[in-house]
Amino acid sequence: MIWRWTGRLRPFLILALLTSLTLPGFAQEPTWQRLINSDQEPQNWLSYGGNYSAHRFSSLNQITRENVKNLVPVWMFPTGEVRGGLNATPIVMDGVMYLMGPMNRVFAINAVTGEILWKYFYKLSTRNIPYQPGSRGLAIGYGKIYFGTVDNHFVALDMKTGRELWDVEIEDMRQCGCNVTSPPLIVKDKVIVGVTGGEHAHRGYLNAFDAKTGKHLWRFYTIPGPGEPGSETWGPQMLKFGGASTWLTGSYDAELNLLYWGVGNPSSDYYGELRPGDNLYTNSIVALDPDTGKLKWYYQEVPHDMYDFDSAYECVLIDYEKDGKTQKLLVHANKGGYTWVIDRATGKFVSAYPHVDVLTWLKGVDKNGRPVDMQPVPPDKETFVCPAGFGGRNYDHSTYSPRTKWWYNIGWEACNVIKPEKLDIKEGQPLFGGGTDTKPPKDKAAYGHIDAFDPLTGERKWRYLTDGMNLASLLATGGDLIFSGDVYGNAFALDARTGQKLWSFPTGAGISGSPISYSVNGRQYVAIPVGMGSLLSGVNAILWPEKAGKLPEGASMLVVFALPEAKGGAGNGK
């Protein structure tokens, strides 16, 4: 790990009026107490998941099922980038928005007008980026902006000026093939940072840094070391190179003082002969003590994964009330099209249910939640598997509404033909262990959907069929609305209680980011990132070839909507 303290200023301060700005965002430090109690500040959006339970819910209710049809764009902000797509979740605090572009460009923006307050362009340490990763955003706390980079660094900026405070190289990406594509999570006095690398010869980990100084505090390896518990679930060679990345953002329960993080697939994805056993802690949820990084419990969803079915997605923490009793649940959608429900205090299995229709890789789960009759992937022939390796869903985040008590999730119905291949292991180099061909399900066309579920039982309350793969995250609001966007550039809102589409707006570019809602001076806004990377949009074109020419990738841009302003006051649209 290389430490570098810098005081240099990158180009910023586009507006010379910054010093006279009256917005309170630059005056109030986002303390830990504000962050952990963010539900008490519905006017703001202070973390990637909206709160530390990853609900992606805003209690703002000025925009309702009755007036959402009047929603109009009020400002747009281009980041000046095309590569990677705008996948980021904006952060809003006291009238100031902080936004990250695909290649780690950071902007502070007046959240009412869209005017730039300052900007910072990260300078890559190498141009040898292995793919078009995009960046899903940043974190705010202690007067600082924190983010990881596409060349595997951890950076902090002064939130008032954009001045770079530190730049720490986590690990040389030329040796690990890894980078940071999702926002960190601040827990008390620490910043927790995940990493990619699941498709490379690399040993995955999760890092904690001091929020005040940037000093490295602990590292949890997602593959046990030789002789440690769980090491017997690997061959000795792959203990050093087995993947198990932590590429999305975790959750935190303050009452239990537990940090929850999803872990991705093993490397040599489609060729399992090198790694006999269950391969812990790949395809698992891990619960850690955030103070020390020590493992408290784990739950593995896909032992010995042969399908590239990450378990890296958000851990949704729900207090489920039934018959006068409250269960502290963790609801977790797996890339393989299944959702697991775990007791988040103990890690014990509670229930599981499919969130897609077409599944071939398992017949169900047993009383302990372990998959039953997993589909073999022989090393010497092709295998047709559903869902596909890009998942029954992917990084597009679910949402939970405490108003309806329902959990809303995305599903994709598509399959793969897996073609295993034995590869030489070279540290830091790709180790897919073969390739795939994307196919629709047998005897039917590919399709996508958004569903409302009872989060414990999996009872489906409604379904909305999407046009192609829905790559954008979901946002639930106090107005009983679900906001998202599709690959063809249409931002839309659904009725949270029925699934009926109530509003749509053509933005002109494919949508694969994460909507948020916030308010300033009593006016509610909905911000939707626009601009789509080529990775999954290419898959969409394969599955829906008749629409392949209609995928508007477009430049990265944030579009902000609100109701028309009434004379003398905030918008109501009535």
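Every number in this text was worked out from the coordinates using simple rules, so none of it is lab data. As the structure is a computational prediction, the values presented were derived from the model and not from experiment. Here Cβ is always computed from backbone atoms with ideal geometry, including for glycine, and neighbour counts include all displayed protein chains.
Relative to a virtual label point 7 Å from the Cα of N521 in the Cα→beta-carbon direction, which members of the stretch 53-79 show backbone nitrogen distances below 16 Å? The answer is 74-75, whose backbone nitrogens lie closer than 16 Å to the label point.
Extension gain, D343 to E546, is 68.6 nm, computed as 0.36 nm per intervening residue step minus the present C-alpha separation.
For the stretch 292-337, the dipole from Cβ point charges (+1 on Lys and Arg, -1 on Asp and Glu) about the Cα centre works out to 280 debye, to the nearest 20.
With Cα atoms defining each centre, the stretch 361-419 and the stretch 57-74 are spaced 33 Å apart in the structure. Using the Cα coordinates of the stretch 151-290, the gyration tensor eigenvalues translate into equivalent-ellipsoid semi-axes of 28, 17, 11 Å, sorted from longest to shortest. The percentage of C-alpha pairs in the chain whose separation is greater than 43 Å is 12%. The string of couplings for the stretch 69-78 from the Karplus curve (6.51, -1.76, 1.60, θ = phi - 60°) is 4, 8, 4, 9, x, 10, 7, 10, 9, x Hz, one whole number per residue in order, with x for Gly and Pro. Among the trypsin sites (Lys or Arg not before Pro) in the stretch 238-303, those placed in a DSSP loop whose Cβ has at most 11 other Cβ atoms within 10 Å are K294. From helices alone, the chain scores -1000 deg cm²/dmol at 222 nm; the rule is -39500 (n - 2.57) for each run of n ≥ 4 DSSP H residues, then divide by the residue total.
Taking other residues whose beta carbon is less than 12 angstrom from the beta carbon of R370, and scoring Lys, Arg as +1 and Asp, Glu as -1, yields -2. Here the Karplus curve 6.51 cos²θ - 1.76 cosθ + 1.60, taken at θ = phi - 60°, turns the phi angles of the stretch 175-189 into couplings of 9, 10, x, 10, 7, 10, 10, 10, x, x, 10, 7, 10, 6, 9 Hz, with x standing for Gly and Pro. Shown for L60, L280: other C-beta atoms within 10 Å of each C-beta, ranked fewest to most, produce the order L60, L280. Hey, with R₀ at 60 Å, roughly what FRET efficiency would E273 and D158 work out to, going by the Cβ-Cβ distance, to 0.05? Working from the Cβ atoms, E equals 0.75. Pairs of Cα atoms nearer than 8 Å and 6+ residues apart set the relative contact order; for the chain it is 15 percent. Would you mind classifying the stretch 434-488 by shape? Square roots of the alpha carbon gyration tensor eigenvalues, ordered a ≥ b ≥ c; an a/c under 1.5 is rounded, otherwise it is prolate if a/b is larger than b/c and oblate if not. Cα axes put the stretch 434-488 in the prolate bin.
Taking label points 7 Å from Cα along the Cα-to-Cβ direction, E421 and W32 give a separation of 4.9 nm. Hey, any idea what Rg/Rh is for the stretch 166-227, computing Rh the Kirkwood way over Cα pairs? Result for the stretch 166-227 is an Rg/Rh of 0.97. Once backbone amide H atoms are built at 1.01 Å from N, W218 has A208 as its partners under 5 Å, excluding neighbours fewer than 5 places away on the same chain.
Taking other Cβ atoms within 10 Å as a rough exposure proxy, S267, S38 sort from fewest to most as S38, S267.
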